[in-house]
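Just so you know, all these numbers are worked out from the coordinates, no wet-lab data involved. Note that the coordinates shown come from a computational prediction; the quantities given were computed from them, not determined experimentally. Quick reminder, even Gly has a Cβ in these numbers, built from the backbone with ideal geometry, and neighbours come from all protein chains shown.
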Amino acid sequence: MLNRSKLWAVLLLIAVFVAGIAVGGGTTAALGDSKTMTGEARDGTSGRDREHRKSYSERLQDELTLSASQRSSIDTIIQRRQVEMRNLWKEVGPRFDTLRNEIRGQVLDVLDESQQEKFRELIASSDKNREKRERDRKNHRK
């Protein structure tokens with residue numbers, strides 16, 4: 001069992017990692033290649049949306065070319081630990097949301113008015129996509 005300071009360190013590490021992903025994604029969306037970030041496929045979904053719909057084991061399958069027994073083992077591991085991950089996220093999620101909002105506010109302070117408007121649009125789009133992914137995940141679990 002982790003002692004209290006180690007638990008906080010782990011939670012902080014997770015929060016920083018997730019915040020890094022969020023900031024990196026926002027920066028990439030703002031500065032990245034428009035074809036890869038905003039382009040839509042024939043089915044009207046972006047590459048990012050399609051990638052988010054894949055399960056973790058599906059993404060590992062794509063990247064690592066897993067054997068059937070490896071895929072089965074990984075699926076079992078993920079299923080076994082899902083409740084723990086959900087419970088951990090329930091603890092960390094609100095702190096992450098606060099940190100994300102603080103980062104957004106600090107970024108807004110650096111931008112001029114036209115950049116702030118565009119950044120707010122990026123935030124709205126990001127929030128909308130996150131809410132859709134969360135709904136899809138909840139529907140998938142039912």
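For the reader, a short list of remarks on this structure follows.
- Prolate/oblate/rounded call for segment 85-142, Cα gyration tensor, a/c under 1.5 rounded: oblate
- Applying a threshold of 25 Å to the alpha-carbon distances of 90/138; 118/138; 90/128; 90/132 flags 118/138 as lying beyond it.
- Label point distance in nm, residue 80-residue 109, each placed 7 Å from Cα along Cα→Cβ: 4.7 nm
- Gain upon complete extension [residue 138, residue 58; 0.36 nm per residue less C-alpha separation]: 27.0 nm
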